[in-house]
Amino acid sequence: MFCNNCGKEINSDSVFCGSCGNQLISNAQPSVQPRVQIESSGAGLAIFLSILFGITALFFLPPLFGGLGVFFGFKVKQKGNEGLGIALMVVNGACLLIGMFLGVLSFSLL
């Protein structure tokens, strides 16, 4: 084995070059791989609540539950799921409008 800095021959078990003092880089891979910790965005509850409030807004108090659905859609967007958060906000806004229309329609039929 040779030093990659000065080119002198060195022992294969050396950590530093005896001639120039350069730290030697081993070609061997470490036996333990570092763990990669994946952080969850924690958006699962917000997604669930947004869907639940959107469905509820179709039949019961659309401004309240539709608004809450849009709010939790925004929270999903803030937690990093931008596309899903925007989709939840749009769908909940539509549920709010449809729920209000169904409410007006049901009272006009009475």
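Bear in mind these aren't lab numbers, they're just calculated from the coordinates by the rules spelled out. This one's a predicted model, so the numbers in the text were calculated from it and none came from an experiment.
Numerical summary
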read-out: Length gained when the stretch residue 109-residue 16 is fully extended (0.36 nm per residue, less Cα-Cα span); value: 24.5 nm
read-out: Kirkwood hydrodynamic radius (C-alpha pairs) into Stokes-Einstein, segment 44-108, 37 °C and 0.692 mPa s, D in µm²/s; value: 293 µm²/s
